[in-house]
RNA sequence: GCAGGGGUCGCCAAGUUUGGUCAAAGGCGCUAGGUUGAGGGCCUAGUCCCGUAGUGGGUUCGUGGGUUCAAAUCCCACCCCCUGCACCA
């Protein structure tokens with residue numbers, strides 16, 4: 001396809017549509033799954049062009065953030081998994097790899113690969129507007145965005161826990177960890193137990209059980225350290241293995257090292273809740289790598305503690321402080337029920353889960369605030385301890401240990417002075433709801449999910465210490481986080497090809513204020529042209545994305561638009577489509593079933609890929625890509641091709657009329673289907689159903705095809721779905737041909753031929769059955785056209801909604817009363833929304849044209865019901881004519 | 001736990017908003033027949049049960065109730081499954 005036919009510019013007086021699909025993140029080539037969103041968007045763009053709109057569909061590349069850097073580093077490190085995928089699945093030559101260790105070169109390489117794939121797919125993109133999110137011009141645009149947010153008071157500062165690697169000296173996401181584990185951060189309480197001249201620090205999820213404390217557990221083999229909080233001056237004991245995590249959150253100095261666990265054993269410490277002295281016992285189950293390496297012991301409510309205490313023979317110390325229906329002493333009961341023998345028993349994990357769950361759901365406090373549900377007490381005790389200085393808020397990696405790419409254990413760092421976008425702002429949310437209310441979402445159900453997301457959105461950290469992208473304008477040492485720089489970027493497309501005329505230095509806040517908000521005066525004509533381009537194209541008429549982006553990108557997209565732009569420029573529509581499955585399974589590295597897009601195109605052709613991912617299922621459903629589907633499409637395309645080749649002229653037989661009316665019927669609902677983006681329905685009607693109709697048509701006409709006008713319309717409707725197939729036959733200009741208009745059609749003609757089709761298959765069926773039963777082949781078939789009064793009856797029944805009394809009021813029908821009683825039942829089920837009845841005449845015409853097909857079964861006679869004495873003739877009905885085989 | 005989505009005739013999957021063309025589309029699989037010669041072909045028919053030379057009857061849409069002349073579709077309760085819970089693209 002010619003490169004420039006989709007370059008779009010404002011045309012005065014012509015209505016426009018601006019479509020965008022989430023831009024790709026080029027940290028690897030794209031596979032067939034990526035093609036779905038773009039295929040849907042492109043198909044839509046093409047339909048809009050056929051509807052006479054000036055359509056802009058641009059594309060760019062998102063290269064901000066850490067995954068790209070991580071990918072380059074992994075290649076540099078020779079990561080086997082990554083290299084295997086790149087070389088063996090995507091077929092990247094090994095010699096290319098060294099070059100890809102540079103993030104910028106990697107981005108360039110993959111983005112070119114992706115762009116090439118998109119071109120091969122025939123996506124109708126205006127490529128002049130392409131940009132990368134690390135382009136200096138774009139950086140300036142993002143800076144402008146953040147100035148706007150700041151001015152609106154939506155940027156705030158605070159502290160924030162993040163998963164952190166000391167070796168990498170940076171925050172880590174799942175792509176930075178060994179095995180791609182996503183580190184989960186969890187808040188716990190670290191309680192201070194006075195011990196000698198310092199505190200033993202013990203973490204817990206269940207501060208409310210502190211009242212049932214009997215002792216402390218320390219691993220006698222473990223190594224401990226004494227540290228001092230430089231701010232408060234308080235000294236704590238914690239295990240050596242947890243020091244990294246601790247010092248990432250508190251500013252501490254190590255006072256004493258190399259303290260062996262048995263130093264504490266046998267000594268006493270104090271319960272901060274009530275001042276009681278409790279002993280310190282040894283326990284091997286204490287993991288010196290997690291928490292603080294010191295554990296508080298509540299044997300009545302924690303199976304581990306109970307078993308360890310039992311092993312020491314000190315069961316009598318137990319203190320029960322929570323009442324749970326169905327239990328005496330919960331931990332003890334469960335340990336006994338599960339026959340747990342000692343501290344090493346793996347069943348203890350499960351036992352712990354059960355106790356925690358039951359106590360949390362049904363437990364009530366017996367002490368402190370008696371009767372308080374455990375659920376509430378947990379929070380209340382925590383707040384009390386922290387506010388009273390008896391405990392610290394502390395964060396741990398819940399699914400730890402997680403190791404970073406560099407090999408060190410991931411810790412939780414409390415980042416001070418972190419910048420946030422305050423999505424929790426109430427007034428801001430109100431605006432977002434307003435936008436959402438007016439917006440159309442396809443499918444409609446996704447609106448609720450967007451609303452829910454906006455509901456719980458809160459502060460979002462918007463800077464990071466590393467990554468490609470834009471520097472944070474209020475702290476040049478930080479980079480803007482990658483989800484925050486891809487919210488209002490569609491606005492940039494409207495000027496991205498024009499802005500290159502300016503140098504980045506010229507792109508001040510005022511410069512953009514004029515373009516996007518109309519503030520101030522243009523500095524020159526080019527500046528003014530950008531304003532014009534923006535106001536022509538904006539707002540975005542349709543935004544296309546996957547369901548995984550509802551939770552973040554799409555919500556931010558709405559939020560940032562309503563924060564920065566005036567109402568008339570808010571997004572108008574969001575379209576969500578599902579994923580692509582390979583043979584029913586999710587594509588994944590581990591399954592090795594990733595089908596690279598360009599490979600797929602080479603194998604099957606772009607049309608087939610487009611059609612497969614777009615037509616196979618409902619929009620939001622995952623669609624399945626597999627061999628039978630592809631073969632089915634290919635085979636039908638070949639059939640259509642054959643029909644097109646045979647075609648010449650315009651026929652005028654009943655079959656020709658039938659096809660024409662049927663196409664008109666399809667056209668009558670097409671606009672609505674495009675509006676709903678129900679590509680599945682469109683494919684079904686115009687591809688699959690049409691295929692069957694054409695087959696019957698061709699059979700009826702003995703292979704003759706005279707459908708110039710029909711094919712003409714049909715090809716235009718099909719163009720967005722199968723652009724290459726159509727372009728080959730109609731030329732490239734077909735892209736802009738108007739969609740055929742809907743016009744009235746005669747349902748009776750369609751019904752007449754359809755009744756004949758059904759009759760044909762009924763007869764084939766019957767004969768088959770007769771042969772099977774050894775009744776021999778008939779030599780004569782008599783089709784009985786139902787009596788006139790039966791048509792009247794049908795119409796009457798329909799009009800009277802099945803009321804027989806009203807039917808009998810009609811004299812001409814009343815005379816058939818007896819028969820009516822018999823056949824009403826058969827008719828009744830079809831009363832409520834029957835298609836139009838074919839008239840006797842039309843049906844006869846259809847039958848006569850198809851007669852030669854019926855003759856293959858035997859000699860064909862067409863008679864009216866009145867002319868036939870055969871018993872079966874009486875059963876003849878308008879949509880189900882009787883046939884007598886003899 | 002909170003939120004969202006879902007359970008349909010072997011499998012996948014429409015239908016539910018607007019109750020009646022719903023024994024319930026389509027695809028796969030399976031069965032039978034056809035295609036005069038290979039090919040992960042193609043075509044036709046069947047595929048809940050019983051009956052029948054087609055139009056009949058019965059029992060179905062997670063489970064149990066309810067509303068209605070009529071429920072896969074509406075209401076109530078319950079069971080089960082999936083996804084998300086962020087600072088990461």
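Every read-out reported here was derived from the displayed coordinates using simple, explicitly stated rules and does not represent laboratory data. Since the structure is predicted, the reported quantities are computational estimates derived from the model, not experimental observations. Methodologically, a virtual Cβ is constructed for each residue, glycine included, from the backbone with ideal geometry; neighbour enumeration extends over all protein chains shown.
Some values worked out for this structure:
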item	result
Euclidean distance of C-alpha centroids, region A:505-532 and region A:55-122, integer Å	35 Å
Spatial separation of Cα centroids for region A:317-332 and region A:14-54, in angstrom	62 Å
Quotient of C-alpha Rg and 2.2 N^0.38 Å, computed over region A:431-478	1.68
Overall Cα dimensions of chain A - principal axes, largest extent first, Å	115, 78, 56
Gyration tensor (alpha-carbon) shape descriptor, region A:392-522, a/c threshold 1.5	oblate
Solvent-free Debye scattering, log10 I(q)/I(0), computed from the Cα coordinates of region A:31-132 at q = 0.23, 0.24, 0.25 Å⁻¹	-1.25, -1.31, -1.36
Inter-probe distance in nm under a simple model that places probes 7 Å from Cα toward Cβ, at residue A:354 and residue A:501	7.6 nm
Residues A:685, A:347 arranged by fewest to most Cβ contacts within 10 Å	A:347, A:685
Segments A:558-569, A:248-259, A:224-235, A:131-142 sorted - mean Cβ within 10 Å per residue, highest first	A:131-142, A:558-569, A:224-235, A:248-259
Rule-of-thumb Rg ratio for region A:525-608 [Cα; 2.2 N^0.38 Å; N residues]	1.61
FRET E, pair residue A:551, residue A:618, Förster distance 30 Å, beta-carbon r, rounded to 0.05	0.90
Calculated P(r) tail over 13 Å for region A:35-94, as whole % of Cα pairs	74 percent
Inter-centroid distance (Cα atoms) of region A:162-237 relative to region A:537-586, Å	41 Å
Relative contact order %, region A:655-720, counting alpha carbon pairs below 8 Å whose residues are six or more apart	48 percent
Mean separation of Cα contacts under 8 Å (6+ apart) over length of chain A, as relative contact order %	14 percent
Full-stretch length increase - residue A:870, residue A:9 - with 0.36 nm per residue and alpha-carbon distance subtracted	302.7 nm
With eigenvalues of the C-alpha gyration tensor scaled by 5 and rooted, region A:642-695, Å	24, 13, 9
Å³ per residue enclosed by the Cα convex hull of region A:336-473	300 Å³
Region A:435-588, relative contact order in percent, only Cα pairs under 8 angstrom and at least six apart counted	31 percent
Pairs of alpha carbons in region A:1-62 whose separation is greater than 20 Å (percent)	34 percent
Mean residue ellipticity (222 nm) of chain A, computed from DSSP H runs ≥ 4 via -39,500 (n - 2.57), nearest 500	-11500 deg cm²/dmol
For A:97, A:213, A:312, order by how many other beta-carbon atoms lie within 10 Å, fewest first	A:312, A:97, A:213
Compactness of region A:305-385 - radius of gyration and Dmax, Cα, Å	13.5, 37
